[in-house]
Amino acid sequence: MNNEKILLGTPTAYQFCDDNGIAIEMVAKALSKSFLSVEDVQVFFNTQSLAKNKSSKNQASKYWDIDHAAFGDIRIESVDNFSKITAENLSAAVQVIPSVTHGDNFSIQKINDFRQQVKEELKLQNRSLTLLPFIIKAMSKSLKKFPKINASLSADGEKLIYKNFIHIGVAMQTEYGLVVPVIRNVDKKNLLEIIDDLQNLTTLARSKKLKQEHLGGASITVTSLGKIAGLRFTPIINPPELAILGVSKTLIEPVWNGQEFLPEMKVPLDLSYDHRVINGVLASHFMTDIGNRISNPELILI
Amino acid sequence: MSDQKTKVVVIGAGPGGYAAAFRSADLGCEVTLIDERDTLGGVCLNEGCIPSKTLLHLAEFIQEYKTSHEFGFSGVISNDKLLLNKTREYKNNIINSLTSGLGNIASRRKVKHVKGYAELISDTEVSVNGVTINFDYAIIAVGSSPVSLPNSPINERIWTSTEALELREIPDSLTIIGGGIIGLEMATIYAALGSSINIIELSNDLLPDFDKKHASIVKKSLIEKGCKFYFNTNVLKIETLPNKLTIHCKNDSSFTIDSDIVLSSIGRKSNAGKIGLENTLMTLEKGDIIPVDAQCRTNISNIFAIGDVTGMPMLAHRATHQGKIVAEVISGLKHKFSNEMIPKVAYTSPEIASVGLSESKNDLGIKIKNTSFPWMASGRNLASNGGDGLTTLHYCPDTLRILGGTIVGKNASELLGEVSIAICMGSTLKDVALVMHAHPTISETIAFAAEKALGTLTDL
């Protein structure tokens, strides 16, 4: 009968905790509060379950919880933890971030000419120069010009955090899944250093040797399907970054020069951005700036 | 072989049982409600809470009437037979209207009411009137009965509260054994009806569950109404003589009390022993108490128990809340019952009521301060001839959060709800003080008590 204690929340807050199998003591401690309203526990619970992606799993996905074997022979394989974490993060990004994708094609005629010119020299150095380092360097120059894109929104949506550094994440496919190692301080590195960083990170990623220091904290991510196929795609932002640049396979487009159509090598770029922070005009300017640098690589090198 | 099948069977139709049955039906379950009585409502409605409050209302009225000479009325009451007949009729009408109301509510919900004595014959079957009913879930809500006096003869002049509430007669002298809440309520009724009252209590004071300062106001008032208290006193035996009962008592010395009627109110005991639990694997504690978890589940996972059979405090509102929780749990919700905020009331004159923590009821050793407002300074109380009273808030001196409340005074039970809400919503003294209370009201005393501690009171 002697069960008296100081209450930690309203009756509805207690019932909400009971219903959802959470201990009100834990919520009070986590929020550093001595008394909880039902709103407190609801917000806490929703934040938690969003992080765990439970709500979408339990509710939305119930509609596709069907018996596939009823339609023919099947094989079942467990999803590994690495893929599960990636999946949860991507689902959370899609649920939380209102994103828009902006696409355009940019001439890489001059970059290709340049690559031809330095090809032999780099070969002697045991290096090869692809398109990606140019794009990464161009992104770093453009980020410096558009600081609002080199930022993150705080989780509660209350603050915008501007970054005085430029780190660029590069999405890489490995045998065990997708990883995004980061090239640090891209703005302070020349093309050769970026080529070396990329090579180094690719080796580490493939041999599963990436460490904490190689991951996270990027200004923006670039994801390239350039060697494979596809005209366009809409990449998913890697939060808490505000944007991601997708690179598709280069193509040849006819360009009217006033008198005739001439073939021109182009790269399709698709920028997905967080519309909570970046509006369409800013995104267009940013994209045009990157494109301008790619089409005129002398702007990258200076 | 079962003759019938139901999803939920509720055994006992008191305030716990009928709440569980009705809530269960509302949540879509097929429910059978079994009780020995013709009517629903159990002890509470038929021979407990409601009839005692009817008679306490009469007691209050008599008390008021006795002071009416101040307004020019005679203020004299003759306790003749007509009054008693009329009073019984009045009380029974109230009981009938409430029980038939419950019957209507039950049939509207399609709850099947079976009159009979129920006995569990397994974990999934109950037998009633020779019919076996198979159930998915059972809710045991069979309540409690008065503990009978040890070493006492069976005599029609030795009553329990049941006989006292039948209003068989108004004895010249009534000796109440057991000065708990029930005993004191009966003392209040019969003192007003004109009996001279003796109260024999084993412990050294009355109302141990309440703050002393408040309990003493009730004690003073009962003494003024002619009640005589014998504390630290044992009853050795009761001798039945042709025209009186002689009670042999012992405290520091031995003595006897002669009385027309003896009322035994030494407590109530669980009825769990009477329903065939031996045919199940149910475990009991202290002989007849059914231990339950926070969802009122017994050690048998499909059998729940609520109310007095689950032990102290044996209060109707506790049973009702438990009953609703169980119905919700059966329907798949994960609700839990909490013992922490059970209000306690003695409907004496004046009433005394408490909820939450107080200095005397503080197992945690936390800091608690009190702030009180005396009713003698309440305009509304004086204007309505309310008598003595005291409103006290128990609060944390660091955060000023209200942790408990004790109120003594006329209709104190009605005021307690505001304190319960304040505690449950995490209110501080300041919150309560800033809420505008109507003037003049007794409920103002709650805000005044808060203001007193804050130093913002202008009414004292």
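The values are calculated or read from the model by the stated rules, or taken from the named source; none is laboratory data. Because the structure is predicted, anything quoted here is derived from the model rather than measured. Here the Cβ positions follow ideal geometry from the backbone for every residue, glycine too, while neighbour counts run over all protein chains shown. Keep in mind that these areas ignore ligands, DNA and RNA; they rest on the heavy atoms of the full protein, side chains included. Shrake-Rupley method; radii C 1.70, N 1.55, O 1.52, S 1.80 Å.
Using alpha carbon centroids, what distance separates segment B:219-235 and segment B:258-313, in Å? Distance between centres, Cα-based: 31 Å.
Segment B:236-317: which trypsin sites (Lys or Arg not before Pro) are DSSP loop and have at most 13 other beta-carbon atoms within 10 angstrom? Present the calculation step by step, with values, prior to reporting the outcome.
Numbers: sites: B:K237, B:K244, B:K250, B:R268, B:K269, B:K274, B:K286, B:R297; in loops: B:K244, B:K286.
Listed in order of number, the matching sites are B:K286.
On the protein assembly as shown, 54 percent of the accessible area sits on carbon and sulfur atoms, based on a 1.4 Å probe.
Can you tell me the accessible area per residue over segment A:232-302, all protein chains present, probe 1.4 angstrom, in square angstrom?
Numbers: 3300 Å² over 71 residues.
For segment A:232-302, the per-residue accessible area is 46 Å².
Counting only aspartates and glutamates at least 8 places from B:K334 when in the same chain, those with an alpha carbon closer than 16 Å to its own are A:D18, A:D19, B:D293. Inter-chain Cβ neighbour count for A:10-18, averaged per residue, equals 4 (cutoff 10 Å, partner chain atoms only). Think of it as helices only: each DSSP H run of n ≥ 4 in chain A is worth -39500 (n - 2.57), and spread over all residues that comes to -12000 deg cm²/dmol at 222 nm. Multiplying the residue separation of B:D293 and B:E64 by 0.36 nm and removing their Cα-Cα distance gives an extension gain of 77.8 nm.
What does the structure give for B:418-425 when I average, per residue, the other chain Cβ atoms found within 10 Å of the residue Cβ?
2
Farthest toward the positive end of the dipole of the protein assembly as shown, out of B:I421, A:I22, B:V111, is the Cα of A:I22, where the dipole comes from beta carbon charges about the Cα centre. Distance between the 7 Å Cα→Cβ label points at A:L282 and A:I74: 4.5 nm. Under 5 Å between amide hydrogens, built in the peptide plane, is the criterion, and for B:K5 it picks out B:N134 among residues at least 5 positions away or on other chains. Does anything in segment B:25-62 have its amide N under 17 Å from the 7 Å Cα→Cβ label point of B:S97, and if so which residues? Residues passing the 17 Å test: B:45-46, B:50-58. Our coupling estimate for segment B:445-458, obtained by passing each phi through the Karplus curve with A = 6.51, B = -1.76, C = 1.60 and θ = phi - 60°, is 4, 5, 5, 4, 4, 5, 4, 4, 5, 7, x, 10, 7, 10 Hz, Gly and Pro reported as x. Mean separation of Cα pairs under 8 Å and 6 or more residues apart, divided by the residue count, gives chain B a relative contact order of 15 percent.
By the rule of a C-alpha distance below 17 Å, with chain neighbours fewer than 8 residues away ignored, the aspartates and glutamates paired with A:K5 are A:E25, B:D209, B:E340, B:E359, B:D363, B:D398.
Run the numbers on chain A and let me know its relative contact order in percent, using alpha-carbon pairs under 8 Å that are six or more apart. Display every interim value, and only then the final one.
Values: 431 pairs, mean separation 59.7, N = 302.
Value for chain A: 20 percent.
Under a 5 Å amide H cut-off, with hydrogens placed 1.01 Å from N, A:G9 pairs with A:L36 among residues at least 5 apart or on other chains. Packing-based ranking of A:125-138, B:385-398 yields B:385-398, A:125-138, ordered from highest to lowest mean Cβ neighbour count within 10 Å. Using 20 Å as the Cα-Cα cut-off, could you pick out the over-long pairs in B:K110/B:K274; B:K66/B:K220; B:K369/B:K430; A:K163/A:K188; B:K213/B:K369? Exceeds cut-off: B:K110/B:K274.
Taking the convex hull of the alpha carbon atoms in chain A, what volume per residue do you get, in Å³?
On the way: hull volume 65.2 nm³, N = 302.
Each residue corresponds to 216 Å³ of Cα convex hull volume.
Amide H contacts of B:S196 (H built 1.01 Å from N, in plane; Pro and chain starts excluded): B:S173, B:L174 sit under 5 Å, all sequence-distant by 5 or more or on other chains. Ignoring ligands, DNA and RNA and using a 1.4 Å probe, state the total buried accessible area between A and B in Å², rounded to the nearest 100. Adding both sides of the contact gives about 1800 Å².
Can you give the helix-only mean residue ellipticity at 222 nm for chain B, where every DSSP H stretch with n ≥ 4 adds -39500 (n - 2.57) and the sum goes over all residues, rounded to the nearest 500 deg cm²/dmol?
On the way: 12 runs with 146 residues, N = 460.
So the calculated ellipticity at 222 nm is -10000 deg cm²/dmol.
Taking 4 °C and 1.567 mPa s as the conditions, I'd like the Stokes-Einstein D for the protein assembly as shown in µm²/s, using the Kirkwood hydrodynamic radius from alpha carbon pairs. In µm²/s, the coefficient rounds to 39.
Within chain A, the longest run free of GluC sites (Glu not before Pro) that sit in a DSSP loop with at most 10 other Cβ atoms within 10 Å is A:176-259.
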